[in-house]
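Just below is one structure, and these are the notes that go with it.
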Amino acid sequence: MSGEDSFKILEKIFKPKNKQNLEEIKGYRIKYGNIVASEKVIDEVLVSYFKAPKSYTTENMCEINSHGGNIIVKEILELCLKNGARLAEPGEFTKRAFLNGRIDLLQAESVIDIINAKSKKEVREGIKQLEGYLSKEIKEIKQEIMDVTINMEVSIDYPEYDVDEVTINQISNMINRVEMKLRKLEESFENGKIIKEGIKTVILGKPNAGKSSLLNAILKEERAIVTEYEGTTRDTIEEFVTIKGIPLKLVDTAGIRNAKDEVEKIGIKKSKELAEQADLIIAIFDSSKELSKEDIEILDILKNKKSIIILNKIDLDPKLNEETLELKELNKKIIKISALNNIGIEELYDEIANLFNLNEINLDNEIVITNLRHKALISKALESISKTKDSITNNMPIDIISIFIKDILENLSNITGEIVSEDIIDEIFAKFCLGK
């Protein structure tokens, strides 16, 4: 519970073994006792006390640690509600921490990123954001802008002082420095998107080429049905797996062929659509058979996409290899595997890491933008920088130049939440689960 009355409500339902006045209990303390209702013990618990302002929300807070189990937890919750508490809205604890000034909006958003993280790298980047690394960078850039705007305001308010030329030079130098820093942050989003969303990877191939076997080999479990019959996979199967610290969203698709079954036709159409949207296509071919018309169709899909060609079933008599003309012409990486016997899978991982420069994503030494909202606002700030530079080149008055500079500051302030609208705040915290 968090809020002004949280301790009052707690006193009605919690009987500590060692009775103390509330004023005597220090913050960051745990007390042992019982939760009771009508003199009946509900559970034996530990209660943590956090006194304002030294708490997550900066308000009085307490945490009741019970033995767990749905019945007991529900009963304690109902007791809290009966005695004056209410259920928290999605993300309300973090929202209160933001509104009370303990964290900024950027840090608040990192909480949901940590909760929803699908890889260790995403957790590490979320922790860095929560600790304020990006907030600090944004604040330093804002301060650099504001240091120069002081002279701008003097020029606007006191035009009789001839400081325009000096001010214009200062603005130009500052704008160039700020642009370089923001450009670096914007460019980091490509890696940030991979860290947060993963690499959308579609496994494409004819029926019985080994798509489902490859999915199972990567996941190290029998996730997809594997049979000798063609057309077993009629719909997509989606799973996340971590490769080199980065999540891959793996999609096993229906086999590409000239199907007569209406359901299978829909599955094949969906396979082609997913291939168009994919970050990576793993195209798998049965190396024990010659290329067919359907195989050529698959190769055509790969032409303008990041892709890896897999020659599967190398344990059988091969009919395809790296020198097969149609494969060689594509100039794609070709890997020989046996999905059934788990041969060549590590080489596939290495090539994925190489294609997306996964080994070069160093979270220890750089700040990475993982949030699309932040990236969009940085891009808008860069647009305002471009307008500022144009206005300087065109010898516009300094009060006009100042309008564009204020736009830069506004966009950066929106990232940290200093001037963000209530609608944006509500939208962000609606993504949280209850409480948090």
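We did not get these values from a lab; they are worked out from the coordinates using the rules stated. Keep in mind that what you see is a predicted model, and the values were worked out from it rather than measured. When we count neighbours, we look across all protein chains shown, and the Cβ atoms used for this are built from the backbone with ideal geometry, even at glycine.
Observations
- Neighbour net charge for Lys26 - beta-carbon separation under 15 angstrom, K R +1, D E -1: +2
- Amide H partners (placed H, <5 Å) of Ser188, local residues excluded: Ile369
- Rounded to 5, the percent of DSSP beta bridges in the chain classed as antiparallel: 55 percent
- Within the chain: Cβ-based charge dipole about Cα centre, in debye rounded to nearest 20 (Lys, Arg +1; Asp, Glu -1): 1520 debye
- Expected 222 nm ellipticity per residue - DSSP helices of 4 or more, -39500 (n - 2.57), all of the chain, to 500: -15000 deg cm²/dmol
- Charge tally around Asn60: other residues with Cβ under 11 Å, Lys/Arg +1 each, Asp/Glu -1 each, net 0.
- Peptides 300-312, 167-179 ranked from most to least packed by the mean count of surrounding Cβ atoms within 10 Å: 300-312, 167-179.
- Highest-fluctuation residue, Ile195, Ile25, Ile138 considered, GNM on the chain with Cα pairs under 10 Å: Ile25
- Glu347/Ile424 FRET efficiency (R0 56 Å; Cβ-Cβ; nearest 0.05): 0.75
- Candidates Glu323, Glu294, Glu89: whichever shows maximal mean-square fluctuation once the chain is modelled as a Gaussian network with Cα springs under 10 Å: Glu323
- Overall form of the chain per C-alpha gyration tensor (a/c, 1.5; a/b vs b/c): oblate
- Given Lys249/Lys269; Lys74/Lys120; Lys306/Lys333; Lys249/Lys305; Lys270/Lys293; Lys95/Lys128, the pairs whose alpha carbons are separated by over 22 Å: Lys74/Lys120
- Sorted peptide list for 93-106, 62-75, 326-339, criterion being average Cβ within 10 angstrom, highest first: 93-106, 326-339, 62-75
- Taking a ≥ b ≥ c as the square roots of the eigenvalues of the Cα gyration tensor, an a/c ratio of 1.5 or more together with a/b no larger than b/c marks region 1-102 as oblate.
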